[in-house]
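Report on one structure; see the data block that follows.
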Amino acid sequence: MAGKVFFSVTMSLDGFMAPEPVPVEDVFSPEKQDDPSVRGWMSKWAELQAWAFPQRWFRENLKLGEGGEEGLDNDIARATHERTGASVMGKHMFDAGEQAWPEEAPFHTPVFVVTRTGRDPWERPGGTTFHFVNDGIESALDQAREAAGDRDVRIAGGAETIQAYLDNGLIDEFSITLAPVLFGTGIRLFDRVDPDRIALEQTRAAASSRVTHLTYTVGKR
């Protein structure tokens with residue numbers, strides 16, 4: 001249990017980590033690609049994550065081709081991946097990723113999915129195995145810690161899963177990549193988190209030409 005528990009997300013300037021949700025099946029349905037709600041969601045999501053797409057590490061990890069940008073953004077993306085020994089995610093994030101991720105899923109570590117239903121582990125090429133945990137967030141974290149060894153555990157998302165771990169005092173630190181976009185509506189990162197229970201200390205601020213990276217440690221009030 002030497003590693004830390006952390007999350008790392010991109011957030012819009014007005015505090016949203018994702019656009020207003022649309023059904024997962026609509027996002028990946030060819031018949032729905034011209035639906036205004038789907039097109040709007042995909043456009044906002046692409047704008048939010050635009051800083052990551054050109055990075056060399058991102059392109060290589062998703063096998064999008066060789067080359068790409070190097071520098072602060074690339075270094076931070078790579079370091080986040082390299083520190084992670086296991087990940088935890090919610091069922092909604094897994095459902096979307098199951099359709100969107102390539103056959104060689106981008107985690108390359110064990111991933112523990114918090115769910116209400118049972119399912120056998122799902123092993124993918126490249127070192128990713130999804131384990132399905134139906135007895136709560138603490139059980140998922142305990143299993144992830146054991147799998148991670150002395151490396152860190154990343155709470156990968158989505159928002160409700162991150163909020164649950166944060167509100168229950170189970171996060172050691174987190175990083176926000178602040179993107180210069182405005183959503184107006186969407187999924188707020190800190191909804192359903194009790195601010196009276198959490199104390200934050202900023203430990204890093206670094207800016208590139210695209211985004212600003214902020215890191216905080218988490219304590220109790």
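Some notes on this structure:
- Environment charge of Phe183, counting only residues whose C-beta is closer than 13 Å and scoring Lys/Arg +1, Asp/Glu -1: -1
- Per-residue accessible area (protein heavy atoms, 1.4 Å probe) orders Val113, Val193 as Val193, Val113, starting from the largest.
- Gyration tensor (alpha-carbon) shape descriptor, the stretch 103-221, a/c threshold 1.5: prolate
- Local electrostatic count at Leu13 - Lys and Arg +1, Asp and Glu -1, tallied over other residues with Cβ under 14 Å: +1
- In Hz, Karplus ³J(HN,Hα) per residue of the stretch 138-148 (6.51, -1.76, 1.60; θ = phi - 60°; x = Gly, Pro): 5, 4, 4, 5, 4, 5, 5, 4, 4, 5, 6
- Note on the stretch 37-101 and the stretch 148-192: Cα centroid distance 15 Å, given to the nearest whole angstrom.
- Cα shape, the stretch 1-107, gyration tensor, a/c 1.5 rule: prolate
- Residue-wise HN-Hα coupling along the stretch 113-123, computed from phi with Karplus coefficients 6.51, -1.76, 1.60 (Hz; x: Gly, Pro): 9, 7, 8, 9, 10, x, 6, 5, x, 10, 8
- Net charge of neighbours whose Cβ lies under 14 Å from the Cβ of Gly68, counting Lys and Arg as +1 and Asp and Glu as -1: -1
- Straight-line reach from Lys44: taking Cα to Cα under 28 Å and skipping same-chain neighbours fewer than 8 places apart, the lysines in range are Lys32, Lys63, Lys91.
- Residue-level accessible surface for Arg151, protein heavy atoms, 1.4 Å, Å²: 100
- Antiparallel DSSP beta bridges within the chain, percent to nearest 5: 45
- Global geometry of the stretch 46-99, whether rounded, prolate or oblate, following the gyration tensor of its Cα atoms and the 1.5 cut on a/c: prolate
- Less than 5 angstrom separates the built amide H of Lys4 from those of Asp152, Val153, all sequence-distant by 5 or more or on a different chain.
- Mean-square fluctuations from a GNM of the chain, with a 10 angstrom spring cutoff on Cα atoms, peak among Ser87, Ser175, Ser208 at Ser208.
- As a length-normalised measure over Cα pairs under 8 Å and 6 or more apart, the relative contact order of the chain settles at 29 percent.
- ³J(HN,Hα) computed for each position of the stretch 191-198 - Karplus, 6.51 cos²θ - 1.76 cosθ + 1.60, integer Hz, glycine/proline x: 4, 6, 10, 7, x, 6, 9, 10
The values are calculated or read from the model by the stated rules, or taken from the named source; none is laboratory data. The shown structure was predicted, so the numbers you read here are calculated from the model rather than taken from an experiment. Quick reminder, even Gly has a Cβ in these numbers, built from the backbone with ideal geometry, and neighbours come from all protein chains shown. Surface accessibility is based on the protein's heavy atoms, side chains included, excluding ligands, DNA and RNA. Shrake-Rupley method; radii C 1.70, N 1.55, O 1.52, S 1.80 Å.
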